[in-house]
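Every number here is computed from the coordinates shown, using simple stated rules; none is lab data. In this text the structure is predicted, and so the values were computed from the model without any measurement. FYI the Cβ positions are ideal-geometry reconstructions off the backbone, even for glycines, and counts take in every protein chain you see.
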Amino acid sequence: MKLTELFKQDRPMLSFEVFPPKTDSSWESVSQAVQKIAGLKPSYMSVTYGAGGGTSRYTVDIAKKIKREYGVNALAHLTCVSSDRQTVQDRLEDLRTAGIENILALRGDRPQDYVPGEYRYAGELIEDIKKAGDFCIGGACYPECHPESSCQKEDIVHLKQKVDAGCEFLTTQMFFDNALFYNFMYKIREAGITVPIVAGIMPVTNASQVKRICELSGSFLPRSFTEMVDHFGPDPKAMYAAGIAYATNQIVNLFANGINHVHVYSMNKPEVARDIQKNVDGILH
Ligand SMILES: Cc1cc2nc3c(=O)[nH]c(=O)nc-3n(C[C@H](O)[C@H](O)[C@H](O)COP(=O)(O)OP(=O)(O)OC[C@H]3O[C@@H](n4cnc5c(N)ncnc54)[C@H](O)[C@@H]3O)c2cc1C
């Protein structure tokens, strides 16, 4: 099913993210995690794509498994910063053959030794996917502004261009303060961006994740979050429970404010997906 059809259903729903194996040897463990997460019957599952291209071939394989073996809607990520147009065309053909209808079209992070190639921005990839056929295309958005943009206003102008190029829904970067997300929603709707927005939530279940999250996303960490990590971080069991509770509170608040589509960055952790889903099960129907 195309996700745009799914989003027409006006009800709270959860989706989960997985990442493909980095090597052949980790295929089995990733497959098992994917199977367990798919068993929760989320509204869809997304599969990330390595911007450097190294593990990218597994993205299609995992997405195909999700759809064909487990009967769950699949969303395959595709990045372009390190690709040429031919590679993108080949990947689109793979996705088409695998019966994958939904693509999250991304630029990818520029490598340190970045030399501009055939693609500079996600918008250019979106144009090519649009020309290539009948895919449902999503893109990324940043409630706290993409780190390369000089200000949020500029970032939203580029976001609108991306939507005008054919992006039919947007998934947000993780955020830990819902107020920042609501503020962003107001600004993008005012800028004329009307496509469905999926809120991305990252359950932080161990203290060592925090440094990496800050480096990757630059997300603002509210006091309630840093207090939680300071207090519970040294005790892994307590930190796990607190992290699940924090993410659950964010999700309940989003649903309560009419944001029906929440994507959980479950990072191949079936227990995280399970525990979040259990906590909001009575709300999902
Ligand atoms: C939901 C989500 C999923 C992700 N999945 C993956 C993944 O699977 N694999 C992976 O490698 N990375 C992934 N990323 C990370 C993403 O690739 C990086 O954040 C990357 O730096 C930007 O990608 P983008 O598609 O948002 O780029 P773009 O939309 O191209 O934006 C990047 C920057 O360029 C600016 N810009 C855009 N268009 C123009 C223009 N025409 N002129 C001038 N400036 C412009 C934007 O304002 C922004 O500052 C994901 C991010 C999110 C939020």
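Some points to look at:
- Here's the list of aspartates and glutamates a cross-link from Lys22 could span, going by alpha-carbon distance under 18 Å and ignoring same-chain residues fewer than 8 apart: Asp61, Asp109.
- Residues Glu124, Glu101, Glu215, Glu271, ranked from the fewest to the most other C-beta atoms within 10 Å, line up as Glu215, Glu271, Glu124, Glu101.
- Tensor-based shape of region 1-111 (alpha-carbon gyration tensor, a/c under 1.5 rounded, otherwise prolate or oblate): oblate
- Whichever lysines have a C-alpha closer than 16 Å to that of Lys237, once near sequence neighbours (fewer than 8 apart) are set aside: Lys269
- For the chain, the mean residue ellipticity at 222 nm estimated from helices alone is -14000 deg cm²/dmol, where every DSSP H run of n ≥ 4 contributes -39500 (n - 2.57) and the total is divided by all residues, rounded to the nearest 500.
- Long pairs among Lys8/Lys67; Lys41/Lys153; Lys2/Lys278; Lys64/Lys130, criterion Cα-Cα beyond 28 Å: Lys41/Lys153
- Residues of type aspartates and glutamates that Lys131 reaches as a straight line, Cα spacing below 20 Å, ignoring anything fewer than 8 places off in the same chain: Asp84, Asp90, Glu93, Asp94, Glu101, Glu118, Asp164, Glu168
- Overall form of region 13-77 per C-alpha gyration tensor (a/c, 1.5; a/b vs b/c): prolate
- Within the chain, the selection of entire DSSP H helices by a Cα span of 27 Å or greater along the long axis and an average Kyte-Doolittle value of at least -0.5 returns 236-256.
- Shape call, the chain: gyration tensor on alpha carbons, a/c limit 1.5: rounded
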